[in-house]
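The values are calculated or read from the model by the stated rules, or taken from the named source; none is laboratory data. In this text the structure is predicted, and so the values were computed from the model without any measurement. Neighbour counts run over all protein chains shown; Cβ positions are idealised from the backbone, glycine included.
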Amino acid sequence: MKLNSNLLRISAALLLSAASVHSSRASSHMDAPLITLDPAANTTDVYAFVQVKNGVKSLVTALGVYPFEEPGIGPNKYNFDDNVLYRINVATGADRTAGRATFTYEFKFTTTFKNTNTILQSYLAVINATGDAGQNLVQTYTVTKIDNHTGVRTALGTGTVPPNNQGIATPLYNQGNNGNNPAKPGVATAAALDAYTAGAVTPLSSGYVAFAGQRDDGFYGDINSIFDLVNVRTPGKDSQGGFNIHLMALAIPVSELGGDQQIAGVYATTSRLTYQVVTTRNTIVTNSIVKRPGQKPKRTSKTVVSTADQSVPSYVQVGRQGNPLFNEVLVSIVDKDLYSRSSPEVDNTVFRKYAEAPELAVLLNANAKTGRTDLSGIFIPDVIKVDLSTGACRLAGGGAGNPTNPDDAGFSRLGIFGGDTLTSTVQTGFGGGTVPGGWPNGRRFGDDVVDIAISAVLSDLRTSPPTIVVADGIDGVSANDVAYNKVFPYESTPQNGRNHVHP
């Protein structure tokens, strides 16, 4: 069922007015007031989906940060923050329903310069490979796995961040290896990746694979028209078009999570380094025995007390992301910053009301406005639920008609609302193990979460059969401005600072 044009216009306006739909990269990327003041810690999107490569099934996860990076600025560049701890969390078994992280994967960055006696902050010469002599500013990172049941920390390995796409200094990102040209589109094979990206894809121990670096902002949606007094236009303009973000991606072998016969939950947090001043006191006691002629021995003591102030580092959580939409659009302003600082463990008691009686359903005049256990099943706790028992999900490339990098056969940006499904061996789903091929079963690059989210609110998945309303093309934008990669790290090539376009 398609929505009429008036309802489409109203639906888009109301849904996206709270920040446009996309908690995991938030379309507006401004899902809570305080985190907008800290862009390096401001999460944009979280992704989680199943892939099989060389016979190894993995849960691919990714976290985007630093929204709305204007390509090619200088002399200072957008980078990961050494003082922010970036975490991708995976919950399994009973931890998933409780909103507890079973395993945490920490990305910690260190920034160095080859030459500080220059104004050429990032590029000393044309860069031919990630980390070479021409790359002045170099960020490296460590990935650490934490088993939250045992407290055991395992260092998985280190990687190097490739340069940002400046243009002439970084020609290999761009078409024809020419810094004057637009960025290369996404590719279908690892062999076709640009040299910087390929050089930054890093195998870690135990079969993990990591990447961290600048990428195109792969979210698409006409956010400007929504906030411009709800003047939706056809066609829409991609408000994220031409902007970059910074992305961390980690492929996790499902064997590391206890196998694939389960549903996992994925969410991410960012925490900022703080220092607490602690005063310490040291007492030194010296005992001695003094004996004078004709007197009894006398014990004396001398006490010296010294004080010292010590700065003790710690991290304070400032951001959290799970499913697209939740904090930006469903949670009221009074609780948005609380959400950013809290854990999914509190969602059942603190935030469930926003899923089961969403204000959005009232504004959209949805058939079901209360008792929305179908929505709370998606959002509470707010972790992206991924059925690990399915085969690999279908991936977006450059569109169905792209000659060199087409979407996988059967891929739909609308997921289950577009007939894109997978088969589970651990749940019945919508019958016979049928589950969505994309969000809300995981989250892929290319999933149109604006349209999927509105469709979910307007539909009623509690009925049998479920009542389905498909909100297709609600904002007039149905594709990213740059093709995605169908190989790790999946996100599109970063836009060229010398040659890019904002709609």
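Would you call Thr140 within 16 Å of His246 (Cα to Cα) and either crowded, with 24+ Cβ neighbours inside 10 Å or modelled with pLDDT under 95 (or both)? Considered against the rule, which asks whether it is within 16 Å of His246 (Cα to Cα) and either crowded, with 24+ Cβ neighbours inside 10 Å or modelled with pLDDT under 95 (or both), Thr140 comes out as no. Residues in the range 435-468 that are part of a loop (DSSP other than H, G, I, E, B) and modelled with pLDDT of 90 or more: Gly437, Gly438, Trp439, Pro440, Asn441, Gly442, Arg444, Phe445, Gly446, Asp447, Asp448, Ser459.
The selection criterion, being aliphatic (A, V, I, L, M), under 25 Å from Ala392 (Cβ atoms) and touching a residue at least 40 places away in the same chain (Cβ under 8 Å), holds for Ala483.
In the range 469-489, the qualifying residues are those that are in contact with a strand residue (DSSP E or B) (Cβ under 7 Å, 6 or more places away or on another chain) and part of a loop (DSSP other than H, G, I, E, B), and the one that is nearest to Phe243 (Cα to Cα) is Val482. So if I check each of Glu345, Glu328, which one is at pLDDT below 95, charged (D, E, K, R) and assigned by TED's automatic domain parsing to the domain that holds Gly438? Only one candidate qualifies: Glu328.
Only one of the numbered conditions (1) more than 24 Å from Lys486 (Cα to Cα); (2) assigned to a strand (DSSP E or B); (3) in contact with a Gly (Cβ under 8 Å, 6 or more places away or on another chain); (4) not polar (S, T, N, Q) is violated by Ile73, and that is (2).
Give me the pairs: first residue in the range 195-210 and surrounded by fewer than 18 Cβ atoms within 10 Å (Cβ to Cβ), second residue of a type in the set (Lys, Arg), beta-carbon distance under 9 Å, and six or more apart or on different chains, which are they? Listed pairs, sorted by first residue: Ser206/Lys145. Does Glu359 satisfy being in the same structural domain as Thr102 (by TED's automatic domain parsing) and farther than 29 Å from Tyr66 by Cβ? Judged against the criteria, Glu359 is a match.
How do the pairs read when you match residues in the range 462-477 that are farther than 12 Å from Phe417 by Cβ and among the small types (Gly, Ala, Ser) with residues anywhere that are at pLDDT below 90 and part of a loop (DSSP other than H, G, I, E, B), using Cβ under 6 Å and keeping only pairs 6 or more apart or on different chains? Filtered contacts from the range 462-477: Gly476/Asp222; Gly476/Thr234; Gly476/Pro235; Gly476/Gly236.
Checking each residue in the range 380-406 for being farther than 16 Å from Trp439 by Cβ and more than 21 Å from the chain's Cα centre (by Cα) picks out Ser389, Gly391, Gly398, Gly399, Ala400, Gly401, Asn402, Pro403, Thr404, Asn405, Pro406.
Can you confirm whether Thr118 is out of contact with any helix residue (DSSP H, G or I) (no Cβ under 8 Å at 6 or more places or on another chain) and assigned to a strand (DSSP E or B)? Here the answer is no, as Thr118 does not meet what is asked. Output the residues belonging to the range 160-194 that are within 22 Å of the chain's Cα centre (by Cα) and buried (at least 24 other Cβ atoms within 10 Å of the Cβ). Correct list: Val161, Pro162, Pro163, Asn164, Asn165, Gly186. Counting the residues of the range 132-172 that are outside any strand (DSSP E or B) and in contact (Cβ under 8 Å) with a residue 40 or more places away in the chain gives 14. Gly399 passes every criterion in (1) touching a Lys or Arg at 6+ places or on another chain (Cβ under 8 Å); (2) modelled with pLDDT under 95 apart from (1). Checked against the criterion of being out of contact with any strand residue (DSSP E or B) (no Cβ under 6 Å at 6 or more places or on another chain) and either among the charged types (D, E, K, R) or outside the structural domain of Ala268 (by TED's automatic domain parsing) (or both), the candidates Asp82, Asp132 yield just one match: Asp132.
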